[in-house]
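Visitor: Got a structure for you, questions after.
The values are calculated or read from the model by the stated rules, or taken from the named source; none is laboratory data. Just so it is clear, the structure is predicted and the values come from calculations on it, not from any experiment. Cβ atoms come from the backbone with ideal geometry, glycine included; neighbour counts cover every protein chain shown. Only protein heavy atoms, including side chains, enter the accessible area calculation; ligands, DNA and RNA are left aside. Shrake-Rupley method; radii C 1.70, N 1.55, O 1.52, S 1.80 Å.
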Amino acid sequence: MTNRQDISNENSAQLCEIAPEKFDIEPFTLVIFGGTGDLSRRKLLPTLFHLCHDQNLSEDFAIIGIGSTGRSDDDYRAFVKRSIEEYSEEIIHWPCWERFSRKLFYVSGRFDDKNSYKKLFERLTELAKPNSIGIKEVIYYMAVPPQFLSGIISGLSVCNLCKGAFSTRLVVEKPFGQDRRSASELNNMIAAAFDESQIYRIDHYLGKETVQNILFFRFANSIFEPLWNRRYIDHVQLTVAESIGIGHRAQFYENAGVIRDIVQNHMMQLLSLVAMEPAIGFEADHIRDEKVKVYRTMRVMDKDYIDKFTVRGQYGAGEINEEKVPAYRNEENVASNSNTSTFFAGKFYINNWRWAGVPFYLRSGKRLKKRITEISIHFKQPPLKLFSAVCEIKEPNFLVLGIQPHEKISLHLGVKHPGIGKQLYPVNMDFDYERDFDINVHFPLPYERLLIDCIKGDQTLFARQDGIEAMWAVVDPIIKRWEESPADDFPNYASGTWGPEKADELLMRDGRQWRIW
Ligand code: BG6
């Protein structure tokens, strides 16, 4: 993340020298529960290696994997090397491996065995280095399925590992609970051992560069703010479309479904960034206060509303990128009569002065035609249509915030088509990350950014207790309604399409249509 960006290229009228950001990363010790699990192999270990290579970690750090398989430190080092080889998303610079591998350690032990925590305590006492003010910072990363959390936290607590000998932080992965009640129980259980200021509830969407840019775009530019409300905005669309299926994650997905997997967390985060009021500052709690207000002002859906204004779907067999893919019910370990939804569409309202009456249409699904995450803000029509449109433009003005795979911001306008007629023609004003920034600029991957923030002690990009519970409160009624009235038409969309027809009808009834690509 130490990058230097000079935007004095020919596209730019202004010159701007970006000084390399200076992070004072202090010594720390990261303890990964589930240090040999899927998340560690795929994301955490390769990311830590790259951070080390990019000199973004202090000289004095240690990583301790903890897991039930018996392994020595050297076995763990070999395991980590294989994980990096297999899953690194960036170019691997092996010369730095020696330095990195010396920082890797392993503690074998079951999570429900008190001895594991005693061993951990001993290892921490030996390995954790004090920072500049003499404090030993220890981060516990819960890279384990949720059912292990309470056992681990009570093990840490009993052995005095939460507060006391070390200054500690706790990173908890999603899914955070199953519903509002379980999320609140989980929060209470954690709160008995850790203060809120020690807890980092991670959502990797918030580590995406373009997601962070939503706030910069909205609050660093004054021209959009006067338009960013019910007077000028007709509606907002949020799409998180994936072309992949559930892979080998049936055990998790069968219980989660699309709402728990994507809507409750990633989509609610995106929505709050688009809808929140300007914060009074850029401190973690200033931002998080405003986001929570959005969730709290969202219209609570009753059964009738859910039946009319939400759509569920499950993928059938189909073709994606010219490859045949199976139906959800034929995926490995999925029940042949599964009622799990892999697609969601719904119309939400935010009942405050800025947004009253503006629909927010959300849609997400697996095995859709393309992988695309995008937010589009659709502005109202001019009051009079003065120009005939041979090229029929339903809505001349909308703003697209492209999150992935194309990271861009694009304002769509209507202009006069050259000629003697009066025809309106659609054009775009684009900002494109790849084109407009020096290609040498390093885009930190979400986990790089979030791990660094956690090491620095910055909670801005992590969900707070009240935020998590408020997000669940928005989706709980939908999950409940769907569970009490199983769908009778699953599978109702073919893989490789844009989802069930009912999702299109949801917008057509309002005289609108989804963006398609
Ligand atoms: C995860 C979900 O949180 O996000 C997955 O559990 C999903 O089901 C993934 O595939 C999508 O993340 P991204 O970064 O690829 O959009």
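Visitor: Considering only the stretch 71-135, give the helices (runs of 4 or more DSSP H) lying wholly within it that have at least 2 residues that are under 13 Å from Gly35 (Cα atoms).
Guide: 73-87
Visitor: Check off (1) under 30 Å from Gly67 (Cβ atoms); (2) open to solvent by less than 60 Å² (accessible area, probe 1.4 Å) for Phe217 and give me the number that stays unchecked.
Guide: (1)
Visitor: Sticking with this one: I'd like the full set of residues that are open to solvent by less than 20 Å² (accessible area, probe 1.4 Å) and modelled with pLDDT under 90, limited to the stretch 56-95.
Guide: Asn56, Leu57, Ser58
Visitor: Taking the options Ala470, Ala494, name whichever one is open to solvent by less than 40 Å² (accessible area, probe 1.4 Å) and either in a loop (DSSP other than H, G, I, E, B) or at pLDDT 95 or above (or both).
Guide: Ala470 is the lone residue from the list that is open to solvent by less than 40 Å² (accessible area, probe 1.4 Å) and either in a loop (DSSP other than H, G, I, E, B) or at pLDDT 95 or above (or both).
Visitor: Can you find a residue in the stretch 346-359 that is open to solvent by less than 20 Å² (accessible area, probe 1.4 Å), small (Gly, Ala, Ser) and either modelled with pLDDT under 95 or within 16 Å of the ligand (Cβ to nearest atom) (or both)?
Guide: no
Visitor: On to the next question. I need the full set of residues from the stretch 164-175 which are touching a helix residue (DSSP H, G or I) at 6+ places or on another chain (Cβ under 8 Å) and at pLDDT below 95, in order please.
Guide: Once the filter is applied, which keeps residues that are touching a helix residue (DSSP H, G or I) at 6+ places or on another chain (Cβ under 8 Å) and at pLDDT below 95, the stretch 164-175 yields Ala165, Phe166, Glu173, Lys174, Pro175.
Visitor: Do you know which residues across the stretch 239-295 are more than 11 Å from the ligand (Cβ to nearest atom), of a type in the set (Ser, Thr, Tyr) and touching a strand residue (DSSP E or B) at 6+ places or on another chain (Cβ under 7 Å)?
Guide: Answer for the stretch 239-295, where residues must be more than 11 Å from the ligand (Cβ to nearest atom), of a type in the set (Ser, Thr, Tyr) and touching a strand residue (DSSP E or B) at 6+ places or on another chain (Cβ under 7 Å): just Thr239.
Visitor: Does the stretch 436-454 contain at least one residue that is surrounded by fewer than 20 Cβ atoms within 10 Å (Cβ to Cβ), free of Cβ contacts under 8 Å to residues at least 12 places away in the same chain and farther than 28 Å from Glu173 by Cα?
Guide: Taking every residue of the stretch 436-454 in turn, at least one turns out to be surrounded by fewer than 20 Cβ atoms within 10 Å (Cβ to Cβ), free of Cβ contacts under 8 Å to residues at least 12 places away in the same chain and farther than 28 Å from Glu173 by Cα.
Visitor: Which pairs turn up if I take residues in the stretch 242-258 that are farther than 25 Å from Arg481 by Cβ and without any contact (Cβ under 8 Å) to a residue 60 or more places away in the chain and look for partners that are more than 10 Å from the ligand (Cβ to nearest atom) and open to solvent by 50 Å² or more (accessible area, probe 1.4 Å) with beta carbon separation below 9 Å, at least 6 apart in sequence or on another chain?
Guide: What qualifies is Gly247/Glu332.
Yes/no per residue for (1) at pLDDT 85 or above; (2) assigned by TED's automatic domain parsing to the domain that holds Ile214; (3) aromatic (Phe, Trp, Tyr); (4) more than 30 Å from Gly316 (Cβ to Cβ):
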{"residue": "Phe379", "(1), (2), (3), (4)": "yes, yes, yes, yes"}
{"residue": "Glu392", "(1), (2), (3), (4)": "no, yes, no, yes"}
{"residue": "Leu413", "(1), (2), (3), (4)": "yes, yes, no, yes"}
{"residue": "His417", "(1), (2), (3), (4)": "no, yes, no, yes"}
{"residue": "Phe437", "(1), (2), (3), (4)": "no, yes, yes, yes"}
{"residue": "Val441", "(1), (2), (3), (4)": "no, yes, no, yes"}
{"residue": "Ile452", "(1), (2), (3), (4)": "yes, yes, no, yes"}
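Visitor: Let me ask another. Considering only the stretch 227-279, how many residues are part of a helix (DSSP H, G or I) and either open to solvent by 10 Å² or more (accessible area, probe 1.4 Å) or closer than 23 Å to Ala470 by Cβ (or both)?
Guide: So the count comes out to 25.
Visitor: Moving on. Taking His204, is it away from the ligand (no atom under 16 Å from the Cβ), buried (at least 18 other Cβ atoms within 10 Å of the Cβ) and either at pLDDT 95 or above or under 29 Å from Arg42 (Cβ atoms) (or both)?
Guide: It is false that His204 is away from the ligand (no atom under 16 Å from the Cβ), buried (at least 18 other Cβ atoms within 10 Å of the Cβ) and either at pLDDT 95 or above or under 29 Å from Arg42 (Cβ atoms) (or both).
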